[in-house]
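The values are calculated or read from the model by the stated rules, or taken from the named source; none is laboratory data. Bear in mind the structure is a predicted one, so any value in this text is a computation, not a measurement. We place every Cβ from the backbone using ideal geometry, glycine too, and count neighbours over all the protein chains shown. What goes into the accessible areas is simple: the full protein's heavy atoms, side chains included, and nothing from ligands, DNA or RNA. Shrake-Rupley method; radii C 1.70, N 1.55, O 1.52, S 1.80 Å.
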Amino acid sequence: MAKGPAPLRREHLRRQPMAPRGARLHCIVLDTSGSMRRGGRLALAKGHAAFMIGQAARQGDDVALLRFGGQGVELLLPPGRARAAGSLRLRPVGGGGGTPLAEALVQAERLLQRTLRKSGPAECWLWLLTDGRTLEQPQAPLAAQHLVIVDFDDPHKSLGRCAAWAARWGAEHCLAPA
């Protein structure tokens, strides 16, 4: 706009500084239970988690990755600067067994609190990638300012648990990308 109809010259350029953004931590909690193996849901969820790690890396954010399933809860990626290569930790992850969702959320809460104590204030996001196929009625993690439930349930035979948890927790509910 500053140049008008004249040819572009250096003095026409304007620099607009961006406001600095505070630290941001994305804690991804991935359901690897037996029900997630049906219909390719686990593969889709792993792909979504890998995409999220890549996005966090591009934005300079921190990321942590927990998985939960028949083998219990496991920290795949400890909290730290997101790297696109972090998604490689997802490749060998298989699924099966039960759904220890409540324990996974307790561990996610501890992880977020420990990270905040150690690293100082940060905007914490908790991303729960699940099909909601459990009878547990977990409590919302308190350390996360933003809760997002990515619903991988069968859209044709949905139990609606993810939407119910989101409503109860005041979380965002989104259907898994197809």
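Things to note:
- Residue within the stretch 103-112 that is on the phi > 0 side of the Ramachandran plot and not charged (D, E, K, R) present: no
- Considering Gly94, Gly86, the condition of being open to solvent by less than 50 Å² (accessible area, probe 1.4 Å), in a helix (DSSP H, G or I), modelled with pLDDT under 90 and touching a strand residue (DSSP E or B) at 6+ places or on another chain (Cβ under 9 Å) is satisfied by Gly86 alone.
- Filter result for Ala176 (open to solvent by 10 Å² or more (accessible area, probe 1.4 Å), in contact with a Leu (Cβ under 7 Å, 6 or more places away or on another chain) and either among the aliphatic types (A, V, I, L, M) or modelled with pLDDT of 90 or more (or both)): yes
- The residues on offer are Gly120, Gly132, and the sole one that is surrounded by 18 or more Cβ atoms within 10 Å (Cβ to Cβ) and either farther than 15 Å from Ala102 by Cα or free of Cβ contacts under 8 Å to residues at least 60 places away in the same chain (or both) is Gly132.
- Only one entry in Leu65, Leu77 is in contact with a helix residue (DSSP H, G or I) (Cβ under 8 Å, 6 or more places away or on another chain), part of a strand (DSSP E or B) and closer than 18 Å to Met36 by Cα, namely Leu65.
- Out of Leu30, Leu44, one residue alone is outside any helix (DSSP H, G or I) and either at pLDDT 95 or above or touching a strand residue (DSSP E or B) at 6+ places or on another chain (Cβ under 9 Å) (or both). It is Leu30.
- Considering residues of the stretch 127-164 that are within 12 Å of the chain's Cα centre (by Cα) and over 15 Å from Gly39 (Cβ atoms) only, the residue modelled with the lowest pLDDT: Ala144
- Selected residue (only one of Ala104, Ala167 is open to solvent by 50 Å² or more (accessible area, probe 1.4 Å), aliphatic (A, V, I, L, M), out of contact with any helix residue (DSSP H, G or I) (no Cβ under 8 Å at 6 or more places or on another chain) and modelled with pLDDT of 95 or more): Ala167
- Of all residues in the stretch 107-117 being open to solvent by 20 Å² or more (accessible area, probe 1.4 Å) and under 15 Å from the mean Cα position of the chain (by Cα), the one that is nearest to Leu75 (Cα to Cα): Gln107
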